[in-house]
Amino acid sequence: MCRWAAYVGQPIFLEDIVSLPDHSLIRQSQGARRCLTPVNADGFGLAWYGERPEPGLYRDVMPAWSDPNLHSLVAQVRSGLFMAHVRASTGTATSRNNCHPFVSGRWSFMHNGQFGGYDAFRRDADVMIPDDLYPHRKGATDSEALFLIALGEGLDSDPKGAMERAVARLTDLSMRRGRAPFVRAACAFSDGQRLYAIRHASDDHAPSLFHRWSRIRNGRAVVSEPLETDENDWTEVPPGSFCIFDGDSVTVQPFLPHLQSRAA
């Protein structure tokens, strides 16, 4: 399983989330506490929004803790909406194209989790990606496929419904062609205006997800694991949730991909 962190609010330096906290994302890449894979060394990535609609993107295959360029970048770049990810592969190759976040137009996306038995139905998943979006398919992960399928399902106009439909379609493939656990997902994605997140699983082991508003930063962190050991005001997102983070407001709605699938 991977670890990730996202932020929305007043612009801050990326290092305030990625590298400076006691349990920063870089520290989590060496010693995560809330997943079965404590070391996440199969690459990392950043996506951040600035003065243009499309996000900046930086990814590499090195472990996050060993790349001096990453430390320099997060110390210099300031953003009011960004996401960062450290990867533990669930089977696909360690390559830059398989590192999160993934970007298409103004959208960015990252994922912690898996669709069980993905290797057995990877070709079928690729067929679900619309022709006009398939040129954006650079890697081989289920995460990138989920992102592009969701874009094809109408992510621009209906983020919740599009993600429910995309997750339902891939879960159905996993149930028919793959193996349990059919889906485990904690995802964050953004259009540069709002930050969205989901926590969902087909069993009782949805990947961890928390958020916290900081009055000092005037912004909200959304994370796989709390960033500080002495902060007790992190809110855990319940399994089966779709979250919208817009300024200091939080909207949490039921995330029901299987019901969407049956209704289709």
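The calculated pair-distance distribution of region 1-144 uses every alpha carbon pair, bins of 5 angstrom beginning at 0, and gives 2, 10, 19, 22, 19, 14, 8, 4, 1 percent. For region 89-177, the Cβ-based charge dipole about the Cα centre amounts to some 220 debye (Lys, Arg positive; Asp, Glu negative; other atoms uncharged).
Find the Rg to Rh ratio for region 125-199, where Rh is the Kirkwood radius over alpha-carbon pairs and Rg uses the same atoms. Numbers along the way, then the final one.
Values: Rg = 12.2 Å, Rh = 12.8 Å.
We get a ratio of 0.95 for region 125-199.
Report the accessible area of residue 143, computed with a 1.4 Å probe over the heavy atoms of all protein chains in place, in Å² rounded to the nearest 10. Surface open to solvent at residue 143 totals about 10 Å².
Using a probe of 1.4 Å on the protein chains alone, the accessible area found for residue 42 is around 50 Å². Evaluate the Debye formula for region 186-239 with equal point scatterers sitting on the alpha carbons, no solvent, and hand back log10 of I(q)/I(0) at q = 0.21, 0.22, 0.30 Å⁻¹, in q order, two decimals. Ignoring solvent entirely, the Cα scatterers give -0.84, -0.90, -1.24. A probe of 1.4 angstrom, applied to the heavy atoms of all protein chains, finds residue 246 with accessible area near 60 square angstrom. Under a model in which nothing but the beta-carbon of Lys, Arg (+1) and Asp, Glu (-1) is charged, region 2-140 shows a dipole of about 180 debye around its Cα centre. Counting Lys and Arg as +1 and Asp and Glu as -1 over every other residue whose Cβ lies under 10 Å from the Cβ of residue 246, the net charge comes to +1.
Equivalent-ellipsoid semi-axes for region 116-264 (Cα gyration tensor, √(5λ), whole Å, largest first): 28, 17, 14.
Summed over qualifying helices (DSSP H, 4 residues or more, each -39500 (n - 2.57)) and divided by its residue number, the chain shows a 222 nm mean residue ellipticity of -6500 deg cm²/dmol. When Lys and Arg each count +1 and Asp and Glu each count -1, what net charge do the other residues less than 15 Å away from residue 170, Cβ to Cβ, add up to? Net charge around residue 170: +1. A Stokes-Einstein calculation at 37 °C with viscosity 0.692 mPa s, built on the Kirkwood radius of region 1-83 over Cα pairs, returns a diffusion coefficient of 253 µm²/s.
Solvent-accessible area per residue for the chain at a 1.4 Å probe radius, Å²?
Working: 11370 Å² over 264 residues.
Value for the chain: 43 Å² per residue.
Report, to the nearest whole %, how much of the accessible area of the chain belongs to carbon and sulfur atoms, 1.4 Å probe, protein only. The computed percentage sits at 46. 3J(HN,Hα) along region 91-104, derived from phi through the Karplus expression 6.51 cos²θ - 1.76 cosθ + 1.60 where θ = phi - 60°, amounts to x, 7, 5, 7, 8, 4, 5, 9, 7, 8, x, 9, 10, 8 Hz, with x in place of Gly and Pro.
The values are calculated or read from the model by the stated rules, or taken from the named source; none is laboratory data. Because the structure is a prediction, the values reported are computed rather than measured. With ideal geometry, Cβ positions are generated from the backbone for all residues, glycine too; neighbour counts draw on all protein chains shown. These area figures cover heavy atoms from the full protein model, side chains too; ligands, DNA and RNA do not enter into them. Shrake-Rupley method; radii C 1.70, N 1.55, O 1.52, S 1.80 Å.
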